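Report on one structure; see the data block that follows.
The values are calculated or read from the model by the stated rules, or taken from the named source; none is laboratory data. Since this is a predicted model, take the numbers as computed values, not measurements. Note that each Cβ is placed from the backbone with ideal geometry, even for glycine, and that neighbours are counted across all protein chains shown. Heads up: the accessible areas ignore ligands, DNA and RNA and are worked out on the full protein's heavy atoms, side chains in. Shrake-Rupley method; radii C 1.70, N 1.55, O 1.52, S 1.80 Å.
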Amino acid sequence: MFAAIRSTRTATICATRSSLMVARLYSSRPDVSFEELQKVIHGVTKKPYVLVDVREPNEVSEGKVPTAVNIPLGDVAAAFAMPSDKFIAQYRIDRPSEEEDVIFYCRSGKRSQKAIDEVARVDTSLTLRNYRGSWLDYSEKALNNKPLK
């Protein structure tokens, strides 16, 4: 019986480590810089992409990066687990595919990294990237606004 408990515990630990390694694998994709984001949203870079703002709707009402779709952090895992038809109905864009970079951002870069970790658990086929500077960086550089404190 002790061997069975030990075996189950080992399997659980391995499964947990495995899911963390998957999340880290996708989280460790190169971050997107402001300059790269500008090229992407203005069509200079030909790589297809989906830009996902994981802030809450009340935060998005203050402004957003052009072309971004809002999927709040609390909804992101369920959204990326949805079948394509439901994703399209909910967010009015095609569900991201493995040919596209999926770029996440939030206010400062922390929630977008959490979103990457969550999505990596439900869909390992996607290329997930983080615009770590997020809205604070974008609003300061692109809109010449001072960052909010």
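Within region 89-101, which residues are out of contact with any Lys or Arg (no Cβ under 7 Å at 6 or more places or on another chain) and either polar (S, T, N, Q) or open to solvent by less than 100 Å² (accessible area, probe 1.4 Å) (or both)? Listed by number, the residues that qualify are Ala89, Gln90, Tyr91, Ile93, Arg95, Pro96, Ser97, Glu100. Applying the condition of being in a loop (DSSP other than H, G, I, E, B) and on the phi < 0 side of the Ramachandran plot to region 102-117 and asking which residue is most open to solvent (accessible area, probe 1.4 Å) yields Arg107. Scanning region 29-62 for residues that are out of contact with any strand residue (DSSP E or B) (no Cβ under 7 Å at 6 or more places or on another chain), under 16 Å from Trp135 (Cα atoms) and surrounded by fewer than 13 Cβ atoms within 10 Å (Cβ to Cβ) gives Glu35, Asn58, Ser61, Glu62. Annotation note: Cβ proximity below 7 Å between a residue of region 35-63 that is closer than 19 Å to Ser139 by Cα and a residue that is open to solvent by 50 Å² or more (accessible area, probe 1.4 Å) and in a strand (DSSP E or B) (sequence gap 6+ or interchain) occurs for Val40/Tyr49. For region 58-93, the set of residues classified as hydroxyl-bearing (Ser, Thr, Tyr), assigned to a loop (DSSP other than H, G, I, E, B) and within 19 Å of Ile41 (Cβ to Cβ) consists of Thr67 only.
Checking every residue in region 3-15 against the condition of being modelled with pLDDT under 50, open to solvent by 60 Å² or more (accessible area, probe 1.4 Å) and not in a helix (DSSP H, G or I) gives zero matches.
Among the residues of region 29-44, count how many are part of a loop (DSSP other than H, G, I, E, B) and either polar (S, T, N, Q) or in contact with a Cys (Cβ under 9 Å, 6 or more places away or on another chain) (or both).
Residues flagged as part of a loop (DSSP other than H, G, I, E, B) and either polar (S, T, N, Q) or in contact with a Cys (Cβ under 9 Å, 6 or more places away or on another chain) (or both) within region 29-44 amount to 1.
Residues that are farther than 15 Å from Pro48 by Cα, of a type in the set (A, V, I, L, M, F, W, C), open to solvent by less than 10 Å² (accessible area, probe 1.4 Å) and at pLDDT 95 or above do not occur anywhere in region 125-136. With respect to Val122, is the statement that it is on the phi < 0 side of the Ramachandran plot, open to solvent by less than 20 Å² (accessible area, probe 1.4 Å) and touching a residue at least 40 places away in the same chain (Cβ under 8 Å) true? For Val122, the condition - on the phi < 0 side of the Ramachandran plot, open to solvent by less than 20 Å² (accessible area, probe 1.4 Å) and touching a residue at least 40 places away in the same chain (Cβ under 8 Å) - is not met.
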